[in-house]
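A.B. asks: Below is a structure I'd like to ask you about.
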Amino acid sequence: MRIVIDMQGAQTESRFRGIGRYTISFAQAVVRNRGEHEVILALSGLFPDTIEPIREAFEGLLPQENIRVWFAPGPVLEAEPGNEKRREVAEIIREAFLASLQPDVIHITSLFEGYVDDAVTSIGRFDTKASVTVSLYDLIPLLNPEQYLKPNPQYAHYYQRKINYLKQAAGLLAISEFACQEGIATLKLPESSVINVSTAIEPFFEPQEIDEITSKQLKDKLGISKSFILYTGGADERKNLSRLIEAYLMLPQEIRQEYQLVFAGKMPQGDVERFKHIANDFKLIKNELIFTGYITDQQLVQLYNLCRLYVFPSWHEGFGLPALEAMVCGAPVIGANTTSLPEVIGLEEALFDPFNTSEITQKIQQVLTDESMRQRLSQQGIQQSKKFHWDITAQKAIQSFTACYQAKQPSKNLTDDQLLNSLCFKLASYSSLSNKEMLSISQIISWSLITPREKKQILVDISELINRDSRTGIQRVVRNVLNEWLLNPPEGYSVEPVYATSDNQGYLYARKFTCQFLDMPYDWVADEPIDAWQGDIFIALDLQHHVLQAQSNYLTSLSHRGVIVKTVVYDLLPVLLPHVFVEGAQTMHQGWLETTAKFDGVVCISKAVADEYQAWLLEQDIKAKRSFIVDWFHLGADIDASHSMKGLPANAKQLIDALERIPSFLMVGTLEPRKGHAQTLQAFEQLWA
């Protein structure tokens, strides 16, 4: 069975919240438990900055060719008017891309995306045959329209359309038993179509012994000066934070003097201002309420371990992941007695009525003043958290995928040509699109759907050689390696010389040059823009400082699409020995080296250069990507087999005759101070003397 997982939940703003962490951990668990099944991850090219981190998260778990990127026209976010047609086109292209993967099951980790960013999710806009399952977190806006839908008709329209997609899904994977039953009852679905797969948390959430120095450094950085009560999570109305602030205010003065209330994590600035206004209305003293802003996962774990109490007052949750995170870290946790939180917390003593501010205050005071209760909540939380495990979630999910696959009516997959024809016919109805938009869409379709050639490509950058052959050592290397690759290409690859300029983004096939290079007629060929797909290799064999830097963004886009991008490094001398080079050479070479470190690796012409490059990376504190490799090779010395310049100069005979008449000494190389010509001449002056 081929399982395709839509990973946009880890690409949008959701990546900073529980849904993002759920998406990554859920997919990793499915990959770990896949057995004989094949798993493909589908990433949106509209979020380029997120592609490499997701690839890194699956390094060693999943072959990189199983991580595929699709593209769509943007912007498409629904909060901005004028994007509707683009969004519809994007939905169709996305579904066509997923269909081209010939999946048995497609799983969408986060369907309700795309209102405030460029996520694209839909079911049945183009592909009506695929079995599509969806993660069901909650139906909070649908069940609380007064707070979420009626104040914003545009959002209500968006949300209702997503609900309609949800009803078309072949199966829903709920994150809790509460969410499961809520989905069945609210959407009026058969019980067999919704399954509780539960959730879990990442292994780095754990009890930790945090020394006083580390604790003080963290607290100082976040503005925490006392023991503290902690909340982390969202900031919308259902999170009930205004009541939590009021409940804190109602604590006895001596407790408020001892404890701060800390809201940890990134919150919208408008919500932060709203809570500060509430705090001022309640006459909270300065620094009693702390907003940390964005924190790292490491800092979050430390806060869970350091807090005196964690409070989760939300009155509607699909699961309540922060409560589980705090529990597994050993924090005493109290929370609302509504929706899913009782099954997460698992202890009646730790629950309160979220609509009763006095009850919240009493529960907070009880835990802070009763050490035995604190210990009891902490120990029980650790035991309760053991019931939730990602492998169990993944196994249940795969069982659901299998059931959907087996229930599907057998159907024949479209061929690539049939799929492409069907897509083009569908898009032809959007006659209002401009020629410029249609040209962009055609390029997007090429990147997303066109099947690569039978052979993969080695795209060899010769941007300097194609303009001029300086006849230096580097040009000799480029000519000879290129000649060898063209005559003896590696098995399964075609070798394609390419070039670019500093003025225009993108590379061209060097068709005319290649024909000339191989002594073939070239009048009939044209230098067209390159097509590159996952599995192709781009190697910057030539040295052209300005071109590589100018094409950095383009090469990054190739890397996002799965093309391996590497650079040949001949030396670091302008950086290591700037005093023997012309002015500006050091800056130029430094910028070029920094660009090479952005891609997949470098190949140096000796181990010595490779060692110097590694040392340079450390010295510059450059964090290369997860799969960055520094490798090396030796240059050839077989002159007879080299691709030399043709012909001899006009005075060749006289020169050779002169060399043969008397013992002669030969020095080969470019005329630069570091080559030692001056010292050599001085040595010969002594010899002649």
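The values are calculated or read from the model by the stated rules, or taken from the named source; none is laboratory data. Keep in mind it's a predicted model, so treat the numbers as computed, not measured. Using ideal geometry, Cβ is built from the backbone for each residue, glycine included, and neighbour counts are taken over all protein chains shown. All accessible areas refer to the heavy atoms of the entire protein, side chains included, with ligands and DNA or RNA removed. Shrake-Rupley method; radii C 1.70, N 1.55, O 1.52, S 1.80 Å.
A.B. asks: For the list (1) aliphatic (A, V, I, L, M); (2) in a strand (DSSP E or B); (3) open to solvent by 10 Å² or more (accessible area, probe 1.4 Å), I need the number of the one condition that residue 19 fails.
C.D. replies: Against the list (1) aliphatic (A, V, I, L, M); (2) in a strand (DSSP E or B); (3) open to solvent by 10 Å² or more (accessible area, probe 1.4 Å), residue 19 comes up short only on (2).
A.B. asks: Within the bounds of the range 428-440, is there any residue that is in a helix (DSSP H, G or I), among the small types (Gly, Ala, Ser) and out of contact with any helix residue (DSSP H, G or I) (no Cβ under 9 Å at 6 or more places or on another chain)? Show your work before the answer.
C.D. replies: Kept after step one, since they are in a helix (DSSP H, G or I), are these residues of the range 428-440: 435-440.
Next, from what is left, pick out any that are among the small types (Gly, Ala, Ser): 440.
Narrowing the set further to residues that are out of contact with any helix residue (DSSP H, G or I) (no Cβ under 9 Å at 6 or more places or on another chain) leaves 440.
Yes, the range 428-440 has at least one match.
A.B. asks: Related question: How many residues, within the range 41-67, are outside any loop (DSSP other than H, G, I, E, B), over 18 Å from residue 625 (Cα atoms) and open to solvent by 10 Å² or more (accessible area, probe 1.4 Å)?
C.D. replies: Counting residues in the range 41-67 that are outside any loop (DSSP other than H, G, I, E, B), over 18 Å from residue 625 (Cα atoms) and open to solvent by 10 Å² or more (accessible area, probe 1.4 Å) gives 1.
A.B. asks: Something else: Within the range 320-338, can you find the residues that are open to solvent by 10 Å² or more (accessible area, probe 1.4 Å) and modelled with pLDDT of 95 or more?
C.D. replies: 328, 330, 337, 338, listed by residue number.
A.B. asks: Give me the pairs, please: first residue somewhere in the range 266-285 and in contact (Cβ under 8 Å) with a residue 40 or more places away in the chain, second residue anywhere and surrounded by fewer than 16 Cβ atoms within 10 Å (Cβ to Cβ) and of a type in the set (A, V, I, L, M, F, W, C), beta-carbon distance under 8 Å, and either six or more positions apart or on two chains.
C.D. replies: 266/16
A.B. asks: Now a separate question. Out of everything in the range 259-304 that is among the charged types (D, E, K, R) and touching a strand residue (DSSP E or B) at 6+ places or on another chain (Cβ under 9 Å), what residue ends up being modelled with the lowest pLDDT?
C.D. replies: Ranking the candidates gives 266 first.
A.B. asks: Listed residues 261, 241, 341, 321; which is in contact with a helix residue (DSSP H, G or I) (Cβ under 9 Å, 6 or more places away or on another chain), under 28 Å from residue 180 (Cβ atoms) and without any contact (Cβ under 8 Å) to a residue 40 or more places away in the chain?
C.D. replies: The conditions single out 341.
A.B. asks: Also: Can you report the number of residues in the range 11-44 which are under 10 Å from the mean Cα position of the chain (by Cα) and farther than 24 Å from residue 268 by Cα?
C.D. replies: 2
A.B. asks: Follow-up question, since we're still on this one. State which residue pairs qualify: first residue closer than 19 Å to residue 164 by Cα and inside the range 188-201, second residue part of a loop (DSSP other than H, G, I, E, B) in any location, beta carbons under 8 Å apart, and separation of 6 or more residues or different chains.
C.D. replies: 193/169; 193/170
A.B. asks: Restricting the range 442-467 to residues that are hydrophobic (A, V, I, L, M, F, W, C), open to solvent by less than 10 Å² (accessible area, probe 1.4 Å) and outside any loop (DSSP other than H, G, I, E, B), which is nearest to residue 85 (Cα to Cα)?
C.D. replies: Going through the qualifying residues, I end up with 459.
A.B. asks: Could you tell me whether residue 17 is modelled with pLDDT under 95 and over 30 Å from residue 426 (Cα atoms)?
C.D. replies: Criteria met by residue 17.
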